[in-house]
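Let me begin by presenting the structure, written as structure tokens, before commenting on it.
The values are calculated or read from the model by the stated rules, or taken from the named source; none is laboratory data. For clarity, every value in this text was computed on a predicted model and none was experimentally measured. As a convention, Cβ positions derive from the backbone with ideal geometry for all residues, glycine included, and neighbour counts pool all protein chains shown. Heads up: the accessible areas ignore ligands, DNA and RNA and are worked out on the full protein's heavy atoms, side chains in. Shrake-Rupley method; radii C 1.70, N 1.55, O 1.52, S 1.80 Å.
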Amino acid sequence: MHAGEDRHGKRVSLTTDIAQTSVFIFPKLDDLRQYSLGKKPGYMYTRYANPTITVAEKKIAALEGAESCVVTASGMAAETILLLSLLRAGDEVVSMLDLYGGTLRLFEQILAKFAVKTTFVPYHELGRIERYFTRKTRVLFLETPTNPTLRCADIAGLSRKAHKRGITVVTDNTFATPILQKPLELGADVVVHSATKYLGGHSDLTAGAIVGPRDLVEPARTVMLQSGGNLDPGASYLLIRGLKTLHLRVERACASAARIAAALGQHPKVLRVLYPGLPGNDGHPIARRQMSAYGMMVSFDIKGGERRAERFIDALQLWYLAPSLGGVESTVSYPVLSSHYGLSKERLKLLDVSAATIRLSVGIENAEDLISDLTQALARA
């Protein structure tokens with residue numbers, strides 16, 4: 001709530017001021033000289049730093065228990081900037097195969113062009129991660145819980161194995177948020193977020209974040225400055241607003257998600273429910289150890305596959321069909337036409353995603369209303 005801002009004893013605005021400017025003026029030439037020499041703090045150009053952006057960064061760093069944070073124009077910008085700061089041509093990445101589709105494409109279609117090889121590890125092979133490391137491996141990339149099957153990876157155990165080889169561990173903490181999971185405390189070296197999702201929380205901004213120790217975040221900041229992937233002050237203001245209610249939104253949505261998962265599990269038209277809080281789910285023991293609750297996402301497979309999935313989604317009256325997640329409104333997504341569109345049948349099979357898979361992002365509406373809408377849509381599917 002208060003990190004990055006100190007208003008006590010001051011006659012100032014209660015909310016964060018928006019420094020809606022691209023450039024800052026200097027009173028005298030010597031002020032510019034002292035700033036350029038690093039002898040006098042201040043602001044010069046918003047791509048380099050901005051007071052509103054700084055507040056957002058300090059709040060996210062406080063949430064993750066980190067020394068430093070740099071916010072970016074999107075979650076994909078955060079991943080790209082961080083990886084560019086950690087890797088060079090000839091290096092290798094070992095990554096979970098269970099990733100957001102955009103992250104898969106970043107590794108396979110972008111980084112591959114610059115002679116960075118990525119080896120993907122299927123979920124059930126993570127316990128034998130060492131066999132995938134080589135002398136060229138520089139980064140281990142994790143996402144937990146995964147999108148959309150909500151599998152959970154053992155951050156502490158995998159980090160220990162990677163650190164024995166001097167490998168940097170990057171964890172995407174978007175789905176859990178720092179309210180439910182703190183990867184840095186579990187052994188990860190640096191965290192990335194799509195702040196577009198839960199950190200912003202209102203579906204009205206696009207942002208990303210890189211969080212961790214200064215010696216890893218500041219080189220990423222330099223890449224951000226040089227590549228121009230900075231966040232806008234107006235979006236930073238919205239992000240700050242969202243961060244102040246993050247814990248409340250997460251608490252409400254977690255409670256509703258647990259009830260929804262239980263209700264779906266009892267429905268005759270549901271083939272299976274994918275939710276870390278269910279004892280039979282992949283990664284449930286890991287989620288119990290490293291998360292304080294089981295999250296705001298619920299996925300499930302509907303009996304009858306694509307035909308019934310389409311009829312179910314089109315029959316919803318309260319849930320919105322939307323390709324993103326993490327807002328106050330509850331949304332439904334169809335992965336094979338959104339996050340995982342274009343992936344081969346073989347890749348989808350490895351990811352355990354099919355035309356029957358439906359992903360729910362639980363918002364803050366009344367849980368009974370949400371369940372009632374799911375029930376009537378299933379009846380019409």
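For (1) in contact (Cβ under 8 Å) with a residue 12 or more places away in the chain; (2) in contact with a strand residue (DSSP E or B) (Cβ under 7 Å, 6 or more places away or on another chain); (3) farther than 18 Å from E64 by Cα, each residue gets a yes or a no:
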{"site": "L150", "(1), (2), (3)": "yes, yes, yes"}
{"site": "T177", "(1), (2), (3)": "yes, no, no"}
{"site": "L186", "(1), (2), (3)": "yes, no, no"}
{"site": "V190", "(1), (2), (3)": "yes, yes, no"}
{"site": "Y198", "(1), (2), (3)": "yes, no, no"}
{"site": "G201", "(1), (2), (3)": "yes, no, no"}
{"site": "I210", "(1), (2), (3)": "yes, yes, no"}
{"site": "R214", "(1), (2), (3)": "yes, yes, no"}
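Residues of region 82-100 being open to solvent by less than 10 Å² (accessible area, probe 1.4 Å), within 23 Å of E185 (Cα to Cα) and not in a strand (DSSP E or B), which ones?
Residues satisfying the conditions are L82, L83, D98, L99.
Which residues, taken from region 300-309, are assigned to a helix (DSSP H, G or I), in contact (Cβ under 8 Å) with a residue 12 or more places away in the chain and of a type outside the set (G, A, S)? Steps first, please.
Looking only at region 300-309, we keep the residues that are assigned to a helix (DSSP H, G or I), and these are 305-309.
Among the residues that remain, those that are also in contact (Cβ under 8 Å) with a residue 12 or more places away in the chain are: 305-306, 308-309.
Within region 300-309, E306, R308 meet the criteria.
Need pairs with beta-carbon distance below 6 Å; first residue at positive phi and at pLDDT 95 or above and within region 113-130, second open to solvent by 60 Å² or more (accessible area, probe 1.4 Å) and of a type outside the set (S, T, N, Q); sequence gap 6+ or separate chains.
Note: pairs meeting the criteria are A115/A89.
Looking at region 101-136, which of its residues are closer than 18 Å to R160 by Cα and in a strand (DSSP E or B)?
The one that is closer than 18 Å to R160 by Cα and in a strand (DSSP E or B): V121.
In this structure, is K161 out of contact with any Leu (no Cβ under 8 Å at 6 or more places or on another chain), within 19 Å of M296 (Cβ to Cβ) and charged (D, E, K, R)?
So K161 fails the test.
All but one of (1) charged (D, E, K, R); (2) more than 17 Å from A261 (Cα to Cα); (3) crowded, with 17+ Cβ neighbours inside 10 Å hold for D373; which doesn't?
It fails just one condition, (2).
For E251, state whether it is within 18 Å of T46 (Cα to Cα) and either open to solvent by 30 Å² or more (accessible area, probe 1.4 Å) or under 17 Å from the mean Cα position of the chain (by Cα) (or both).
Here the answer is no, as E251 does not meet what is asked.
Would you mind telling me which numbered condition in (1) closer than 24 Å to G327 by Cα; (2) more than 17 Å from the chain's Cα centre (by Cα); (3) of a type in the set (A, V, I, L, M) M291 fails?
It fails just one condition, (2).
Could you list, in sequence order, the residues of region 159-184 that are under 13 Å from the mean Cα position of the chain (by Cα) and not hydroxyl-bearing (S, T, Y)?
Of everything in region 159-184, those that are under 13 Å from the mean Cα position of the chain (by Cα) and not hydroxyl-bearing (S, T, Y) turn out to be V170, D172, N173, F175, A176, P178, I179, L180, Q181, K182, P183.
Could you please find all residues in region 239-248 being crowded, with 20+ Cβ neighbours inside 10 Å and over 16 Å from the mean Cα position of the chain (by Cα)?
Hit for region 239-248 is I240, nothing else.
Filter region 55-81 for residues that are surrounded by fewer than 18 Cβ atoms within 10 Å (Cβ to Cβ), under 20 Å from R241 (Cβ atoms) and not charged (D, E, K, R) and give the result.
Result: A62, single match.
Note down all Cβ pairs under 6 Å where the first residue falls in region 218-239 and is free of Cβ contacts under 8 Å to residues at least 12 places away in the same chain, the second is among the acidic types (D, E) and open to solvent by 30 Å² or more (accessible area, probe 1.4 Å), and they're at least six residues apart or on different chains.
Between residues of region 218-239 that are free of Cβ contacts under 8 Å to residues at least 12 places away in the same chain and residues that are among the acidic types (D, E) and open to solvent by 30 Å² or more (accessible area, probe 1.4 Å), there is no close pair.
Just the residues that are open to solvent by 70 Å² or more (accessible area, probe 1.4 Å), more than 22 Å from F175 (Cβ to Cβ) and in contact with a helix residue (DSSP H, G or I) (Cβ under 6 Å, 6 or more places away or on another chain), please, taken from region 267-325.
Passing the criteria: only Q317.
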